[in-house]
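Trainee: Can you read through this structure? Questions will come right after.
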Amino acid sequence: MAEQPFERRFEQRTPGAVATYLYTARMWGRSAMQYRASLVLVMVNSLFMGSLELFGILVVFGNVSSIGGFSLPEALYLYGTAQAAFFTSDLLFTGTEYLAVRIRMGTFDSLLIRPVGVLPQVFADQFTPRRLTPMIPAFAALVVGLAKAPVHWTLLRAAMVPYTLLVGVVVFGAVWVLVGAFQIVAADASEVMNSVTYGGQFMTSYPLALYGRNLMLFLTFGLPMAYVNWQPTLYVLNHADPLGTPSFFRFAGPLFAAALWGVALLAWRAALRHHRSTGS
Amino acid sequence: MTSVSRPIIEAEHLSKTYTLRKKTGRLKRERTTVEAVRDLNLAVAEGELLGYIGPNGAGKSTSIKMFTGILSPSAGRLRVAGLEPIRDRKQLARRIGVVFGQRTTLWWDLPLRDSFALLHRMYAVPDARFAANLKRLVALLELEPLLDTPVRQLSLGQRMRGDLAAALLHDPAVLYLDEPTIGLDVTSKAVVREFLAELNREQGTTIVLTTHDLDDIERLCRRVVVVDHGTVAYDGELDTLRARVAADRTLVVDLAEPVPAIAVPGAAVTRIDGPRQWLAFPAEANAAALVADIAERYELLDVSIRDADIEEVIRNLYTG
């Protein structure tokens, strides 16, 4: 009693990470719904932009029959996995992108005075249903590609499809955490991270063979974005890796994802420590 | 718990040093260290209503940010409600309420009610307790007609009342207020002050009030802590502070034409700008007599009298 002179007023536990995320995202989602006309316009626009990119792929295949060893349906599938994973991660985690603004305005501090985790609040920041529409062309490409591609279906191949998406979302999620950490430390150079996020989205959208051997080597062994969807897709579509990597590389995604999350969380903690010691 | 009452805020030799990197050339960067807070000692007892004042950049906000678990101290010892703010951030958050006068923590596009509902969940306030607190705060702060209004449509005063309620729904033991009356009209200021006095009296909530408005301090706080150059420059009763500083009042006179500094007994010219002159005179002196004195010798167009503001009181604390 002497140790704890200040009465704890109530014992119930405050929300965990997922609950915090859901409560916060719901508030932002409802805020976005207050501007329905604008929301609809932006959603239509992003649907149009996404479809246009898809149309671009079709145009290219009007002139050539294969790109990087991939036929049209195969390329569509690969493109679909990258886009679907990216936009799902964008829907869920992209709140970290707004941190630089919060740091500059001083509103980041108001997240620190809540009795819940900071990262879930940040993930949910500015959540908007607007980010649902780019997923439509993404999943359309994925489904059409799978339906038309000559896949020799086995149970493992079928399981690899949701697995590819999951690994993709998790990897991109870690990238968003890194984006957040960077924004806290360098609020004035926040755009630099676009090369990582949108660059990663672009890189994974097309057959890696397209980028040439050196870049392929880098993306397999340097910054191994190849494991996001390239390697598992090679397995699903029964293609050999142009680099001749052993077949267990096709399943190395979770290792990469776990390592990247480890790095991302360390960076996040360092960023919070930086904020605590500088206040900006 | 009356025998050993430990302070609810305890700061001992608290310091905060920033390292700033300033660009001085294309590649050169100069490192400078800034001591925002140095060797600050403060003990606040439970149930106190403390005026925490000082000029801009004196270290007020930096120290409050340390008290609330936003910034980590560079040195010294800090306990709030028996907790170590950074280490026990989440636990501490449940015992404190924070209102930043300039920035609302309410959800801009949603009805006030929704912000309250979110806080209910985030702070895990038991339903019955929440309902009772909401009812009490809504009545005291006259929020009933505003509950379904989106926050962006509220006036500054209404929003401040909303922010106050939001900071108190979880029964915090300590409430930090940063400029709660800034920009408010007279009526709203009165409502806020009356509410704070009652909160402190009835609920025993410890309140730390940062303000530039001397009226806030005069009406609410018996104890005042003046922070200057990152450390406590004065800690004691407001009356003692005033007596010690004996802040001068200022008489501003507009003369018909520019003249050299007016020489009158009991007042000294502090500034001249064309035909306008500023004269400092002791707070307890008779202003009417002084004006009559000057009017006798010069042609006066206009006069006005200003009370010493907080900045001046603090300045005098050092020069006097």
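The values are calculated or read from the model by the stated rules, or taken from the named source; none is laboratory data. It should be emphasised that the depicted structure is a prediction, and the values quoted were computed from it without experimental measurement. Cβ coordinates were reconstructed from backbone atoms using ideal geometry, including for glycine residues, and neighbour counts include every protein chain displayed. Note: accessible area is taken over every heavy atom of the protein model, side chains too, but ligands, DNA and RNA are not part of it. Shrake-Rupley method; radii C 1.70, N 1.55, O 1.52, S 1.80 Å.
Trainee: Of the conditions (1) within 14 Å of another protein chain (Cβ to nearest Cβ); (2) surrounded by fewer than 17 Cβ atoms within 10 Å (Cβ to Cβ); (3) free of Cβ contacts under 8 Å to residues at least 24 places away in the same chain, B:SER72 clears all except one; give me its number.
Mentor: In the conditions (1) within 14 Å of another protein chain (Cβ to nearest Cβ); (2) surrounded by fewer than 17 Cβ atoms within 10 Å (Cβ to Cβ); (3) free of Cβ contacts under 8 Å to residues at least 24 places away in the same chain, B:SER72 misses (2) alone.
Trainee: What is the one condition in (1) open to solvent by 40 Å² or more (accessible area, probe 1.4 Å); (2) touching a strand residue (DSSP E or B) at 6+ places or on another chain (Cβ under 8 Å) that B:VAL224 does not satisfy?
Mentor: Of the numbered conditions (1) open to solvent by 40 Å² or more (accessible area, probe 1.4 Å); (2) touching a strand residue (DSSP E or B) at 6+ places or on another chain (Cβ under 8 Å), the odd one out for B:VAL224 is (1).
Trainee: Still on this structure, I have one more. Can you report the number of residues in segment B:160-183 which are open to solvent by 20 Å² or more (accessible area, probe 1.4 Å) and away from every other protein chain (no Cβ under 14 Å)?
Mentor: Total satisfying the criteria: 3.
Trainee: Are there strands (runs of 3 or more DSSP E) fully within segment B:5-64 with at least 1 residues that are within 12 Å of chain A (Cβ to nearest Cβ) and closer than 19 Å to B:VAL224 by Cβ? List them.
Mentor: Details: elements: B:9-23, B:29-44, B:49-53.
Qualifying strands (runs of 3 or more DSSP E): B:9-23, B:29-44.
Trainee: Please pick out the residue among B:ARG121, B:ARG79, B:ARG89 that is open to solvent by 60 Å² or more (accessible area, probe 1.4 Å), farther than 26 Å from B:GLU194 by Cα and within 11 Å of another protein chain (Cβ to nearest Cβ). Give the derivation first.
Mentor: Numbers: B:ARG79 fails: open to solvent by 60 Å² or more (accessible area, probe 1.4 Å); B:ARG89 fails: open to solvent by 60 Å² or more (accessible area, probe 1.4 Å).
Every option except B:ARG121 fails the conditions.
Trainee: When you check B:LEU110 against the structure, is it more than 7 Å from chain A (Cβ to nearest Cβ) and touching a residue at least 12 places away in the same chain (Cβ under 8 Å), yes or no?
Mentor: Values: more than 7 Å from chain A (Cβ to nearest Cβ): no; touching a residue at least 12 places away in the same chain (Cβ under 8 Å): yes.
So B:LEU110 fails the test.
Trainee: Out of (1) over 26 Å from B:ARG159 (Cα atoms); (2) aliphatic (A, V, I, L, M); (3) open to solvent by 10 Å² or more (accessible area, probe 1.4 Å), what's the single condition that is false for B:ILE64?
Mentor: (1)
Trainee: So B:HIS170 ticks every box in (1) in a helix (DSSP H, G or I); (2) in contact with a His (Cβ under 9 Å, 6 or more places away or on another chain); (3) of a type outside the set (S, T, N, Q) but one. Which box is left unticked?
Mentor: Looking at each condition in turn, B:HIS170 falls short on (1).
Trainee: Taking only pairs six or more apart or across chains, which ones have beta-carbon atoms under 7 Å, a first residue in segment A:129-155 that is at pLDDT below 95, and a second residue that is assigned to a loop (DSSP other than H, G, I, E, B) and of a type in the set (A, V, I, L, M, F, W, C)?
Mentor: Qualifying pairs under 7 Å: A:ALA149/A:LEU237; A:VAL151/A:LEU237.
Trainee: Take the conditions in a helix (DSSP H, G or I), open to solvent by 30 Å² or more (accessible area, probe 1.4 Å) and modelled with pLDDT under 90 and apply them to A:PHE202. Does it pass? Steps first, please.
Mentor: Working: in a helix (DSSP H, G or I): yes; open to solvent by 30 Å² or more (accessible area, probe 1.4 Å): yes; modelled with pLDDT under 90: yes.
Considered against the rule, which asks whether it is in a helix (DSSP H, G or I), open to solvent by 30 Å² or more (accessible area, probe 1.4 Å) and modelled with pLDDT under 90, A:PHE202 comes out as yes.
Trainee: Which of the residues that make up segment A:251-280 are of a type outside the set (Val, Ile, Thr), open to solvent by less than 70 Å² (accessible area, probe 1.4 Å) and more than 17 Å from A:VAL169 (Cα to Cα)? So that I can check it myself, show each step before the final result.
Mentor: Narrowing segment A:251-280 to residues of a type outside the set (Val, Ile, Thr): A:251-262, A:264-277, A:279-280.
Checking the rest, the ones that are also open to solvent by less than 70 Å² (accessible area, probe 1.4 Å) come to A:252-254, A:256-262, A:264, A:267-268, A:270-272, A:274-277, A:279.
Once the filter is applied, which keeps residues that are of a type outside the set (Val, Ile, Thr), open to solvent by less than 70 Å² (accessible area, probe 1.4 Å) and more than 17 Å from A:VAL169 (Cα to Cα), segment A:251-280 yields A:ALA267, A:TRP268, A:ALA270, A:ALA271, A:LEU272, A:HIS274, A:HIS275, A:ARG276, A:SER277, A:GLY279.
Trainee: Further, regarding this structure: So B:ILE96 ticks every box in (1) within 10 Å of chain A (Cβ to nearest Cβ); (2) touching a Pro at 6+ places or on another chain (Cβ under 6 Å); (3) free of Cβ contacts under 8 Å to residues at least 40 places away in the same chain; (4) of a type in the set (A, V, I, L, M, F, W, C) but one. Which box is left unticked?
Mentor: (3)
Trainee: Okay, moving on. Test B:LEU147 against the criterion of being closer than 21 Å to A:THR107 by Cα and at pLDDT 95 or above, and give yes or no. Quick ask: steps written out before the conclusion?
Mentor: On the way: closer than 21 Å to A:THR107 by Cα: no; at pLDDT 95 or above: yes.
No; evaluated as a whole, the condition is false for this residue.
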